[in-house]
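Beneath this line is the structure, given in structure tokens, with notes to follow.
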Amino acid sequence: MSLYRFKSRETGDLVMLEPDGKHILEIIGKDPDAAGVIMPQQMPAAKQALRDEVVLEEADQQRQREEALAKGDPPPEFDSVSLRLRSTPFIEMMQRCEKASVAIVWGT
């Protein structure tokens, strides 16, 4: 399985498995199939996109649990590591890089 390695001059490298890195990049509107860059001025919108997606995912999972309960079905099982947990280190990286006016680059 491939890895995504996010790098900046401000932080240590952040490494994600391919499915997780790809999902994060898709949420923030970046092409996951090519190396790329997030400029400091793009980071506020990227952070907000991730936070918004976390809220949507959690609301959808709660809705699915409630529907299953109402039907008397067992609740659905979700990935044990949520998007909230997966995105937190990336959001923190962007916060530090934005403050230092440093870009984040990545490749697979």
Tally up the carbon and sulfur contribution to the accessible surface of the chain as a whole percent, 1.4 Å probe, everything protein left in place. 51 percent
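Compute the projected area of the convex hull of the Cα atoms of the chain, averaged over all viewing directions, and report it in nm² to one decimal place. Show your work: numbers first, answer last.
On the way: hull surface 28.5 nm².
The number I arrive at for the chain is 7.1 nm².
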At a Cα cut-off below 22 Å, give the lysines reachable from K7, other chains included and same-chain residues fewer than 8 away excluded. K22, K30, K47, K99
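Less than 13 Å Cβ to Cβ from D73, Lys/Arg counted +1 and Asp/Glu -1: what total charge do the surrounding residues give?
Overall, the nearby charge balance is -1.
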Amide H to amide H, which residues 5 or more places from V102 or on other chains are under 5 Å from it, using H placed in the peptide plane? none
Quick one: Cα centre-to-centre distance for region 75-104 and region 5-26, in angstrom? 9 Å
Percent of Cα pairs exceeding the 20 Å cut-off, where the set is region 1-63: 32 percent
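With the other protein chains left in place, how much accessible area per residue, in square angstrom, belongs to the chain at a 1.4 angstrom probe?
Values: 6670 Å² over 108 residues.
In whole numbers, the chain has 62 Å² accessible per residue.
The values are calculated or read from the model by the stated rules, or taken from the named source; none is laboratory data. Being a predicted model, the structure only gives us computed values, none of them experimental. Positions of Cβ are backbone-derived with ideal geometry, glycine not excepted, and every protein chain shown enters the neighbour counts. The protein model used for the area step is the full one, side chains on, heavy atoms only, and it has no ligands, DNA or RNA in it. Shrake-Rupley method; radii C 1.70, N 1.55, O 1.52, S 1.80 Å.
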